[in-house]
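Single-structure report; data block below.
The values are calculated or read from the model by the stated rules, or taken from the named source; none is laboratory data. The model shown is predicted, which means the values in this text are computed figures rather than measured ones. For neighbour counting, all protein chains shown are included, and Cβ atoms are generated from backbone atoms with ideal geometry for every residue, glycine included. Surface areas here come from the heavy atoms of the whole protein model, side chains and all, with no ligands, DNA or RNA. Shrake-Rupley method; radii C 1.70, N 1.55, O 1.52, S 1.80 Å.
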Protein chains: 2
Amino acid sequence: MNLLTSLREIVGETNVLVEASDTAPYLVDWRKRYRGAALAVVRPADTGEVARVVGACANAGAPMVPQGGNTGLVGGGTPDSSGAEVVVSLQRMNRVRSVDRDNDTITVEAGCILQSLQDVARQHERLFPLSLAAEGTATIGGNLATNAGGTQVLRYGNTRELTLGLEVVLASGEIWEGLRALRKDNTGYDLKQLFIGSEGTLGIITAATLKLFPLPRAQATAFAAVPSLRAAARLLELARNRADAALTAFEVMSAGCIQRTAIELPTVRVPLPLKAPWYVLMEISDHAGEEHAAGILESILSAALDANAVDDSVIAASLEQSRSLWRIREGIPEAHAKAGGNVKHDISLPVSAVPAFVEETNAQLVRRFSWIEPAVFGHLGDGNLHYNMGTIAGTPIAVAFEHEREINDIVHAAVAARGGSISAEHGIGQLKRAVLPDYKSPLELRLMRQVKQALDPRGLMNPGKLL
Amino acid sequence: MNLLTSLREIVGETNVLVEASDTAPYLVDWRKRYRGAALAVVRPADTGEVARVVGACANAGAPMVPQGGNTGLVGGGTPDSSGAEVVVSLQRMNRVRSVDRDNDTITVEAGCILQSLQDVARQHERLFPLSLAAEGTATIGGNLATNAGGTQVLRYGNTRELTLGLEVVLASGEIWEGLRALRKDNTGYDLKQLFIGSEGTLGIITAATLKLFPLPRAQATAFAAVPSLRAAARLLELARNRADAALTAFEVMSAGCIQRTAIELPTVRVPLPLKAPWYVLMEISDHAGEEHAAGILESILSAALDANAVDDSVIAASLEQSRSLWRIREGIPEAHAKAGGNVKHDISLPVSAVPAFVEETNAQLVRRFSWIEPAVFGHLGDGNLHYNMGTIAGTPIAVAFEHEREINDIVHAAVAARGGSISAEHGIGQLKRAVLPDYKSPLELRLMRQVKQALDPRGLMNPGKLL
């Protein structure tokens with residue numbers, strides 16, 4: 001039987017999209033850098049249908065591209081241009097299967113929107129802490145496939161650390177029922193770890209059991225001007241020593257990033273004069289109350305002032321003020337996009353290596369390209385920087401894009417020399433696949449291929465991504 | 001060349017043990033339930049030597065048994081009786097390679113004793129939170145190979161969650177250099193996850209980079225009598241909501257366990273009359289100070305009293321009193337050992353399933369064996385119970401051991417029916433290898449075998465363990 005006929009029998013006529021007008025949104029990535037074609041876009045309704053879809057594709061030898069909310073940043077969910085691949089969209093599988101309040105767990109299908117998941121948790125007076133810019137569109141399945149990070153990793157970890165169990169449709173079309181809700185389970189290899197962060201290349205995640213946390217009673221947010229990145233790192237240490245797990249965010253932004261954001265986004269208000277080179281946004285989540293949370297922040301900032309780690313700071317006095325501070329940080333990518341974009345890097349380093357990396361790599365880039373202007377921000381608490389490069393006034397950004405390859409090479413070499421990662425939270429996808437062999441040992445790549453071979457021997461799961 | 005000659009050339013004559021008097025301590029497990037023989041016990045001094053030892057064994061087709069502090073509870077580090085296996089002891093590899101205070105990481109060799117690692121962290125004003133009864137002898141390599149748990153998992157996670165990078169000698173004798181010190185790294189399959197908890201069956205972990213945490217300034221400990229396990233679970237929820245990550249331990253003990261401990265260990269003092277069926281030991285770790293920590297405990301206990309979740313409680317007023325409370329909990333295994341032992345189970349369940357599991361399984365066991373007496377304690381916060389079975393006064397414990405198999409079957413079936421694990425923190429080793437297929441799906445076992453085949457195709461790494 002023809003593959004399309006089989007797929008229609010499995011998911012119903014209306015859920016096998018083949019017309020260009022129907023498939024278009026699934027064939028291009030969010031940033032519109034990757035465009036592909038597909039034999040069809042299939043939208044299964046449940047795990048059984050996913051299993052039968054995978055089985056049918058495997059029978060026909062058709063490669064598959066799993067797709068969630070299609071908000072990925074590395075082209076991991078976009079098919080190639082052959083028109084032979086089948087996009088398997090998980091969007092219809094968006095049910096919350098169960099919430100176990102007493103176990104602090106939630107079981108959801110892969111197509112569940114991250115924000116809905118957060119909302120359901122909150123309705124049960126629980127926190128699901130994964131939080132990132134695309135949360136209104138991104139699905140938890142995509143978050144799992146890319147091991148998404150975001151702004152709360154410092155306290156709660158990456159998506160990997162939030163996951164207790166998975167249900168996965170394997171390349172064979174079999175369903176692995178790994179939906180455990182256990183904090184401790186030492187009965188063999190932890191198979192779920194293979195699928196988390198595998199970018200759809202080993203199987204299709206169809207559901208997950210995730211950790212929930214007590215909902216903090218209060219949050220306090222501060223915005224601080226710091227004299228250097230080294231000072232920001234000192235402030236981080238002071239904050240960790242004083243607040244430990246109550247420190248739920250520690251974001252750093254260069255003055256240039258903030259200036260650009262204030263210019264491009266008129267609703268953004270910056271509460272301090274932009275006299276310092278770097279700014280920190282930090283947040284305390286507290287279970288006693290607002291006053292207590294603000295007290296912790298005050299004691300951190302006062303110690304930091306004494307240690308010359310902070311020049312000036314404000315503490316949000318209301319939820320509205322706190323949101324206003326976060327808008328500065330969250331507005332940065334949008335502001336840069338409005339201004340024409342820049343050459344982006346999603347890197348991580350040991351926190352201890354960050355200040356010297358930025359100083360030395362900024363200097364190296366400026367020496368090489370007189371027109372370059374660094375626009376750096378990120379999750380300093382995790383050693384994760386969005387180390388992006390724009391151009392100074394008068395030089396069009398197109399000039400930077402012309403030199404993108406060379407800029408990337410300089411940045412990634414500097415990262416590698418300091419034991420860092422060229423993809424901290426976005427993954428490899430198509431974007432960094434070609435350069436991965438420059439930054440992984442042949443042995444590690446071979447191990448990864450052995451795992452791929454063991455779980456997807458025919459190479460039908462998301463080929464051309466990651467490996 | 002003869003294998004023994006090769007090994008002597010690699011590690012030196014004195015580090016290849018073959019005499020019975022020298023090898024004896026390596027050939028029996030800690031609880032003396034597994035005894036084996038070995039071609040030799042080899043003690044390499046560094047990773048290069050481990051690689052050459054593995055290469056030589058692989059050339060000779062000799063199976064290898066990696067061994068750390070030999071404190072495992074499931075016979076995972078004991079060779080079989082053939083005398084053909086080579087025990088590779090990591091004990092000489094006990095160096096701390098580096099501490100990065102600003103990155104909150106430490107890099108240590110596999111043979112480093114857990115307690116030494118804790119001590120070095122403390123010298124740097126940092127906490128390495130893994131803590132378990134055998135910490136004075138257990139090595140971090142063994143902790144990694146078994147993904148050890150312990151008393152602080154509630155806050156800090158299992159060994160897996162504490163690990164950022166690994167160095168591993170593969171079955172081929174090649175060295176995988178995976179010693180990253182990054183909180184975020186999404187550049188492909190997370191290979192370290194395969195080796196953590198693999199019980200030496202995929203390779204030999206030779207070093208690890210681990211997370212450190214701020215050292216708490218104060219700890220407050222409470223001991224509370226609770227009217228039921230359900231009440232203990234309510235107390236847990238109250239404590240989590242109020243203290244969140246500051247709640248670093250939540251241990252539960254049946255009155256019978258405490259009574260036995262008070263009888264067998266005269267130095268143990270129980271600060272409350274033993275009128276309740278269950279007792280809770282809980283600990284708050286705090287970064288403000290002792291008064292603040294005690295205040296949190298008081299507010300939790302007062303809310304619990306109002307909710308009828310607690311009958312009576314004491315809060316330790318000094319470090320000495322706190323240690324005295326912990327001695328009750330820590331004395332339980334020793335007290336039971338002194339009294340002749342019991343039939344042990346290391347199980348986990350969703351926390352929400354624990355009270356009904358204990359009620360119903362206790363009842364089922366007592367119906368089946370009129371002489372049985374449950375002796376249950378464990379890490380309620382993680383859903384992990386040491387669900388052990390002794391005998392009532394007048395029935396020798398030997399009677400329980402005669403029925404060990406049937407008791408295990410009843411307990412494990414009840415665990416499996418509630419989505420639990422038959423090995424929460426001790427692993428599979430030899431002890432539970434035969435029953436594993438009863439509690440894992442054929443598909444999952446096949447996936448595990450595929451991983452084993454991919455990484456150790458000749459089956460030379462710790463054969464006869466786990467799989």
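Annotations
- Against chain B, whose longest principal axis comes from its Cα atoms, helix B:47-60 is set at around 60 degrees.
- Take B:Gln123, push a point 7 Å out from Cα through the beta-carbon direction, and compare it with the same point in every other copy: 5.5 nm, smallest first.
- Label point distance in nm, B:Ala416-B:Ser21, each placed 7 Å from Cα along Cα→Cβ: 4.9
- Taking all protein chains as they are arranged and a probe of 1.4 Å, the heavy atoms of A:Tyr26 leave approximately 30 Å² accessible to solvent.
- Within straight-line reach of A:Lys432, meaning a Cα separation under 17 Å, sit the following lysines at least 8 residues removed in sequence or on another chain: A:Lys32, A:Lys344, A:Lys440, A:Lys465, B:Lys184.
- Dipole in debye (nearest 20) - the stretch B:266-313, about Cα centre, beta carbon charges: Lys, Arg +1; Asp, Glu -1: 300
- Order of exposure, largest accessible area first, which applies to B:Arg368, A:Arg240, B:Arg405 with probe 1.4 Å: B:Arg405, B:Arg368, A:Arg240
- Per residue, the convex hull spanned by the Cα atoms of chain B measures out at 151 cubic angstrom.
- Pairwise centroid distance, computed over Cα atoms, of the stretch B:414-461 with the stretch A:91-150, Å: 29
- Note that the protein assembly as shown, at 37 °C in a medium of 0.692 mPa s, gets a Stokes-Einstein diffusion coefficient of 113 µm²/s from its Kirkwood radius over C-alpha pairs.
- Dipole in debye (nearest 20) - the protein assembly as shown, about Cα centre, beta carbon charges: Lys, Arg +1; Asp, Glu -1: 1000
- Whole-percent carbon and sulfur share, accessible surface of the stretch B:144-273, 1.4 Å: 48
- Solvent exposure of A:Thr14, expressed as accessible area, is near 110 Å², computed with a probe of 1.4 Å over the protein chains only.
- 10 Å Cβ neighbours from other chains, averaged over peptide B:415-424: 3
- Heavy atoms of B:Asp311: accessible area, 1.4 Å probe, square angstrom to 10: 90
- Interface residues in the stretch A:276-313 - accessible area drops by 30 Å² or more relative to the isolated chain, probe 1.4 Å: A:His287, A:His292
- Backbone N within the stretch B:220-252 under 13 Å of label point (7 Å from B:Ala262 Cα along the Cβ vector): B:225
- Spin-label pair A:Asp102-A:Thr5: with each label point 7 Å from Cα along the Cα-Cβ axis, the two points sit 5.3 nm from one another.
- With 10 Å bins beginning at zero, the pair-distance distribution over Cα atoms of the stretch B:366-422 amounts to 21, 51, 25, 3 %.
- Across identical copies of the chain, B:Ala339 has label-point separations of 7.1 nm, listed in ascending order, with the point defined 7 angstrom from Cα along Cα→Cβ.
- Nearest-ten-degree value, helix B:229-243 long axis tilted from longest Cα axis of chain B: 80
- Label-to-label distances for B:Arg458 across copies, nearest first, come out at 3.3 nm, using points 7 Å from Cα in the beta-carbon direction.
- Projecting the Cα atoms of A:Leu380, A:Ile392, A:Ala454 onto the charge dipole of the stretch A:377-467, computed from C-beta unit charges around the Cα centre, puts A:Ala454 farthest toward the positive end.
- For the protein assembly as shown: accessible area per residue (Å², 1.4 Å): 36
- Euclidean distance between Cα centres, the stretch B:358-390 to the stretch B:1-68, Å: 40
- Dipole magnitude for chain A: about 600 debye, using +1 per Lys or Arg Cβ and -1 per Asp or Glu Cβ, origin at the Cα centre.
- Euclidean distance between Cα centres, the stretch B:167-211 to the stretch B:220-239, Å: 39
- Descending semi-axes in Å of the stretch A:271-364, equivalent ellipsoid built from Cα gyration tensor: 27, 19, 14
- Between 0 and 90°, nearest 10: helix A:319-338 axis offset from chain A longest Cα axis: 70
- Projecting the Cα atoms of A:Thr71, A:Val16, A:Val87 onto the charge dipole of the stretch A:1-90, computed from C-beta unit charges around the Cα centre, puts A:Thr71 farthest toward the positive end.
- In the stretch B:148-168, comparing the full protein assembly with the chain on its own, the residues that lose 40 Å² or more of accessible surface at a 1.4 Å probe are B:Arg155, B:Arg160.
- Using every pair of distinct Cα positions in the stretch B:188-246, the Kirkwood expression returns a hydrodynamic radius of 16.1 angstrom.
- Buried surface for the B/A pair, taken as the accessible area of each chain alone minus that of the pair with a 1.4 Å probe, is close to 6700 Å² in total.
- Considering only B:Trp278, B:Ala356, B:Asn2, the residue lying farthest towards the positive end of the dipole of chain B is B:Asn2, judged by Cα position with unit charges set on Cβ.
- The Cβ shell under 12 Å around B:Asp104 holds other residues with a net charge of -1, Lys and Arg each +1, Asp and Glu each -1.
- Rolling a 1.4 Å probe over the protein heavy atoms of the stretch A:1-94, with every protein chain left in place, gives an accessible area that is 48 percent carbon and sulfur.
- Members of the stretch B:87-113 that become less accessible by 40 Å² or more once partner protein chains are added (1.4 angstrom probe, chain alone as reference): B:Asp102, B:Asn103
- Comparing the stretch B:37-171 with the 2.2 N^0.38 Å rule of thumb, its C-alpha radius of gyration ratio is 1.10 (two decimals).
- Summarising the label geometry, the points placed 7 Å from Cα in the beta-carbon direction at A:Asp312 and A:Glu13 lie 6.8 nm from one another.
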